[in-house]
Every structure is written in structure tokens, then in C-alpha cells.
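Here the structure comes first, spelled out in C-alpha cells, and everything after it is commentary.
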Amino acid sequence: KIYNINVNNSGNGTYNLSGKDRDDDLFGQNQTISIMKGDTLNLNLNGLSSHPLWIKTDRSTGVGNSVTTGVTNNGSGTGTLTWDTTNVGVGTYYYNCQNHSTMGGTINVEAVPAAGTVVTGTTQYPHGLTRKNSITVKGALERDYNGTFDIKASDDLTFNYFVSGNLNSST
């Protein structure tokens, strides 16, 4: 999946983010970004010439420990910083200002579930679910679809949850 997040700043204090990640709407200062290995993160950098943004393996100023795998435009203040996470390790990364220690946040790159375990539910009307919710599914013909599950991804009309095993299609 591709996630587009707009980034600007509030003085030398914070990055302001707006867009969507796996937790759905993302809006605020130095927000945590949640994505899954294989996702592409586009950070649209707006007027940050004095605040170059780096994706790094630690929370620090400067240019050290910068991520190089899959990153285009790392350390820029304008344009789009693109990070294709297909070939990076699962774990915690950081977006940091090169010059100001209070500007930055966390990027969580989560593992891809085992094959055959992602269930996509579709609704007719917007459901309002986020990854902060869980759902209880009842009445599916294949019993492994039934139970209480944490939401793993969502948009207005679909949501994903993970189950164990390879399942057939069900309604």
C-alpha cells in the first residue's frame, strides 16, 4: 500500500503531519507513523529548507544512522521523500530534523502476516473502524473467520484482520 503524508513545521519545535497511515487518519505534531513491510511511505515536505527530514535508525540530529535502503530524497526539506520498505527490516525507525532535536517522531514498520491470514471485510456504509478497534465476527460458514480480532488496516468501506491458517472465501 502507498501512504501519502504532508509534513510542515511549527517553528523549530515540531513537524506537523497530515495524511493516512495503517492507523487511518494521521494529524498532529510529531505523530507516530504505522506502516507494514512492503508499504511505500511518501512524505510530502512543505517548506522545510531549514529543517531537513531524515529517516534514521535512531532518534538523533545530524545525518548519521540514516536509512539508505529504499529511500529517495532522504535529508531533504522540499519535494517528496519516498521510502519503499520492501527490503528493510521490521522494527522501529525515526524521522528526525537534521538540526533540531525536538522535531521528529517514530515510524513503526510491522511484519507482513503469514500467507492466507489476511481477511478483508467490506461494508456498504463507512464503518469508522481503525487499528485501535477490535471486532467480533459471528455466523461465518468457515468457523476460523469467527471470533474477536484486532483491526490491522482499514479505509472507509473495508477493514482487515488476521486469522491463523489458510481459509477459503466466505460470506
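The values are calculated or read from the model by the stated rules, or taken from the named source; none is laboratory data. Predicted, not measured: the structure shown is a model, and the values here were computed from it. No Cβ is skipped: glycine too gets one built from the backbone with ideal geometry, and neighbour counts run over all protein chains shown. Each accessible area value is taken on the protein alone, full model and side chains, heavy atoms only, with ligands, DNA and RNA left out. Shrake-Rupley method; radii C 1.70, N 1.55, O 1.52, S 1.80 Å.
Would you please list the contacts, defined by Cβ atoms under 9 Å and residues six or more apart or on different chains, that run from a residue in segment 24-36 that is touching a residue at least 40 places away in the same chain (Cβ under 8 Å) and under 24 Å from A111 (Cβ atoms) to a residue that is assigned to a strand (DSSP E or B) and charged (D, E, K, R)?
If the second residue must be assigned to a strand (DSSP E or B) and charged (D, E, K, R), the pairs left are Q31/D21; T32/D21; I33/D21; S34/D21; S34/E110; I35/D21; I35/E110; M36/E110.
Do we find that Y161 is among the aromatic types (F, W, Y), more than 20 Å from K20 (Cα to Cα) and crowded, with 18+ Cβ neighbours inside 10 Å in this structure? Please lay out each step first, then the result.
Values: among the aromatic types (F, W, Y): yes; more than 20 Å from K20 (Cα to Cα): no; crowded, with 18+ Cβ neighbours inside 10 Å: yes.
When the stated conditions are applied, Y161 does not pass them.
Assess whether G47 counts as being exposed (fewer than 13 other Cβ atoms within 10 Å of the Cβ), without any contact (Cβ under 8 Å) to a residue 12 or more places away in the chain and not hydrophobic (A, V, I, L, M, F, W, C).
no
Applying the selection to segment 62-119, what residues are β-branched (V, I, T), in contact with a Phe, Trp or Tyr (Cβ under 8 Å, 6 or more places away or on another chain), in contact (Cβ under 8 Å) with a residue 40 or more places away in the chain and more than 18 Å from I35 (Cα to Cα)?
Those that are β-branched (V, I, T), in contact with a Phe, Trp or Tyr (Cβ under 8 Å, 6 or more places away or on another chain), in contact (Cβ under 8 Å) with a residue 40 or more places away in the chain and more than 18 Å from I35 (Cα to Cα): none in segment 62-119.
Just a yes or no: is a residue in segment 75-88 within 11 Å of the chain's Cα centre (by Cα), open to solvent by less than 40 Å² (accessible area, probe 1.4 Å) and under 24 Å from D150 (Cα atoms)?
yes
For segment 69-127, what are the residues that are touching a Lys or Arg at 6+ places or on another chain (Cβ under 8 Å), of a type in the set (A, V, I, L, M) and not in a loop (DSSP other than H, G, I, E, B)?
Listed by number, the residues that qualify are V109, V118.
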